[in-house]
Amino acid sequence: MFSSIAIAPSILSADFMNLQHDIDVLRCGGARYVHVDVMDGHFVPNLTMGVPLVKQLKKTSGMPLDVHLMVDNPLRQIPWFIDAGADIVTVHAEALSEKGELDKAISLIVDMGAYPSVAIKPKTPVSVIENVIERLHMVLVMSVEPGFSGQSYIEGSEDKVAEVVAMACKAGVSPLIEVDGGIGVKTAPLVCARGADVLVAGNAVCAASDPASAIAEITAVAEQARTSALENS
Ligand code: DX5
Ligand code: ZN
């Protein structure tokens, strides 16, 4: 938290028939990661992309792959995606709610050489990551119900970011804090003022007429909000 703000465009909103072109535009426009939304039609009511695409992205994207697993059985699928080239692997706490499962998933990700991250849905309390926060590279706060791009930001999600910051400070760690869902020029300042440092943006960037300008604008307003928040704290 509180490192320089990074934009992770979600390619769920990209033009799949011209994906390489879109990825090149995003990379040249300053995107820090490619956010890959993997949905299995069970954990969420939508089916998106999988291992073959991650393999291709690894070869040609030129950016670290931030793979967001919205799947029912992450313990089974984590190795598939790391073998395919995932750099950061985000698993949902809700899909690993049995005792010890979250720990097991984090160990698997780390042992296979990737960076572990845990996502929490809007109605999930931050306390579910309390016992594992020390082991996390990143925490993903969902600001929409996972499943679809283009939804509106759920008001108050920024309070959850602040809760993660407080928990991390108490634990003496500083994981990256990513926010995903409805992020754009209006909402990026809200979450960055509270400590978010990685912003997923689907519609606001990939569906913009000029994605590079959209990245620049979102980054600028987010950095400004964070600077003011730090000055006033
Ligand atoms: C939602 C996905 C998001 C989504 C973001 O389940 O995890 O990454 O694609 O899209 P926007 O920014 O349009 O809300
Ligand atoms: Zn996502």
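Of all residues in segment 65-99, those satisfying the criterion of being away from ligand 1 (no atom under 16 Å from the Cβ), under 29 Å from residue 25 (Cβ atoms) and out of contact with any Gly (no Cβ under 9 Å at 6 or more places or on another chain) are 83, 85, 87.
In segment 164-189, which residue that is more than 28 Å from residue 135 (Cβ to Cβ) and more than 16 Å from ligand 2 (Cβ to nearest atom) is least open to solvent (accessible area, probe 1.4 Å)? Walk me through how you get there before you give the answer.
We begin by selecting, within segment 164-189, every residue more than 28 Å from residue 135 (Cβ to Cβ); these are 182, 184-187, 189.
Add one more test, that the residue is more than 16 Å from ligand 2 (Cβ to nearest atom), and what stays is 185-186, 189.
Working: 185: 72, 186: 174, 189: 31 Å².
In this case the residue turns out to be 189.
Might you check whether a residue that is part of a loop (DSSP other than H, G, I, E, B), surrounded by 16 or more Cβ atoms within 10 Å (Cβ to Cβ) and either of a type in the set (Phe, Trp, Tyr) or in contact with a strand residue (DSSP E or B) (Cβ under 9 Å, 6 or more places away or on another chain) (or both) occurs anywhere in segment 210-227?
No, every residue in segment 210-227 fails to be part of a loop (DSSP other than H, G, I, E, B), surrounded by 16 or more Cβ atoms within 10 Å (Cβ to Cβ) and either of a type in the set (Phe, Trp, Tyr) or in contact with a strand residue (DSSP E or B) (Cβ under 9 Å, 6 or more places away or on another chain) (or both).
So how many residues does segment 53-108 have that are on the phi < 0 side of the Ramachandran plot, out of contact with any helix residue (DSSP H, G or I) (no Cβ under 9 Å at 6 or more places or on another chain) and surrounded by fewer than 22 Cβ atoms within 10 Å (Cβ to Cβ)? Going through segment 53-108 one residue at a time, the tally reaches 5. Against the conditions (1) within 13 Å of ligand 1 (Cβ to nearest atom); (2) within 17 Å of the chain's Cα centre (by Cα); (3) of a type in the set (A, V, I, L, M), where does residue 207 fall short? Just the number, please. Failing condition for residue 207: (2). The residue of segment 42-64 that is nearest to residue 92 (Cα to Cα), among those that are part of a loop (DSSP other than H, G, I, E, B) and more than 13 Å from ligand 1 (Cβ to nearest atom), is 42.
Taken across segment 15-32, residues that are open to solvent by less than 50 Å² (accessible area, probe 1.4 Å) and within 16 Å of ligand 2 (Cβ to nearest atom) do occur, with at least one present. Is it the case, given these coordinates, that residue 12 is surrounded by 22 or more Cβ atoms within 10 Å (Cβ to Cβ) and not in a strand (DSSP E or B)? In short, yes. Taken over segment 176-209, residues that are of a type in the set (Val, Ile, Thr) and in a strand (DSSP E or B) amount to 4.
Here is a yes/no grid of residues against (1) out of contact with any strand residue (DSSP E or B) (no Cβ under 7 Å at 6 or more places or on another chain); (2) in contact (Cβ under 8 Å) with a residue 60 or more places away in the chain; (3) more than 14 Å from ligand 2 (Cβ to nearest atom):
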residue: 35; (1), (2), (3): no, yes, no
residue: 53; (1), (2), (3): yes, no, yes
residue: 84; (1), (2), (3): yes, no, yes
residue: 87; (1), (2), (3): no, no, yes
residue: 148; (1), (2), (3): yes, yes, no
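The values are calculated or read from the model by the stated rules, or taken from the named source; none is laboratory data. What you see is a predicted model; the values in this text were computed from it and never measured. Neighbour counts are summed over all protein chains in view; Cβ atoms, including those assigned to glycine, are modelled from backbone coordinates with ideal geometry. All accessible areas refer to the heavy atoms of the entire protein, side chains included, with ligands and DNA or RNA removed. Shrake-Rupley method; radii C 1.70, N 1.55, O 1.52, S 1.80 Å.
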